[in-house]
Amino acid sequence: MRSLKKDKRKIYISKRLPSTPILDDDNNFTGEYAKVYDNPTMLDLDVKPISDVEEQKMFGEDSDKTLKITYTIYDSNNFDIENHSAVWLDVEPNGILTDNDPKRPMNNNYIVTTTINLGGQNAAYIKRIAGFRDEN
């Protein structure tokens, strides 16, 4: 069953790409890798706090920082939400799609932690990123 339009919220989701090596000023590999994300896709999906007792048990103390996105393949325009994707909820992406520069961080405020296929409907659980602050 498709979600009601009134329950939907605008979110941006960006799938994680393969990590890239971080180079120093002399273009030598530092031994570290940066997380890189695809261009964000804007979707209107049902996003709500988790309220089911079983879901709260599943996330434990993180349940108050976790939201549930429910959608069908039609709601998401065939976009498949994947674990470890970056999510922007109530903020616009700032165009930075890598985590290798602490002076210019990505401004996503959630990350997808769990995805579940429920037959005709899907659920994605997103967790608020610790330390995120809205700069608007």
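Nothing in this text is a laboratory measurement; each read-out follows from the coordinates by a stated rule. What you see is a predicted model; the values in this text were computed from it and never measured. With ideal geometry, Cβ positions are generated from the backbone for all residues, glycine too; neighbour counts draw on all protein chains shown.
Here are a few things to note about the model shown:
- Residue check, residue 39 buried (at least 18 other Cβ atoms within 10 Å of the Cβ) and either assigned to a loop (DSSP other than H, G, I, E, B) or of a type in the set (Lys, Arg) (or both): no
- So residue 30, is it touching a residue at least 24 places away in the same chain (Cβ under 8 Å), in a strand (DSSP E or B) and not acidic (Asp, Glu): no
- Any hit, the range 45-55, residues being of a type in the set (S, T, N, Q), in contact with a strand residue (DSSP E or B) (Cβ under 7 Å, 6 or more places away or on another chain) and not in a strand (DSSP E or B): no
- Residue tally, condition surrounded by 16 or more Cβ atoms within 10 Å (Cβ to Cβ), touching a residue at least 40 places away in the same chain (Cβ under 8 Å) and not hydroxyl-bearing (Ser, Thr, Tyr), over the range 100-129: 11
- Test for residue 61: is it outside any strand (DSSP E or B) and loosely packed, with under 10 Cβ neighbours inside 10 Å: yes
- Count of residues meeting criterion [surrounded by 15 or more Cβ atoms within 10 Å (Cβ to Cβ) and either under 26 Å from residue 17 (Cβ atoms) or within 12 Å of the chain's Cα centre (by Cα) (or both)] in the range 42-58: 4
- Applying the criterion of at least 2 residues that are among the polar types (S, T, N, Q) and under 13 Å from the mean Cα position of the chain (by Cα) to the strands (runs of 3 or more DSSP E) found wholly in the range 74-129 leaves 110-117.
- Any hit, the range 73-83, residues being surrounded by fewer than 18 Cβ atoms within 10 Å (Cβ to Cβ) and of a type in the set (Val, Ile, Thr): yes
- Applying a threshold of 7 Å to beta carbon distances and a minimum spacing of six or more residues, or different chains, the list of pairs starting in the range 59-75 at a residue that is within 17 Å of residue 111 (Cβ to Cβ) and touching a residue at least 40 places away in the same chain (Cβ under 8 Å) and ending at one that is crowded, with 18+ Cβ neighbours inside 10 Å and small (Gly, Ala, Ser) reads 69/124.
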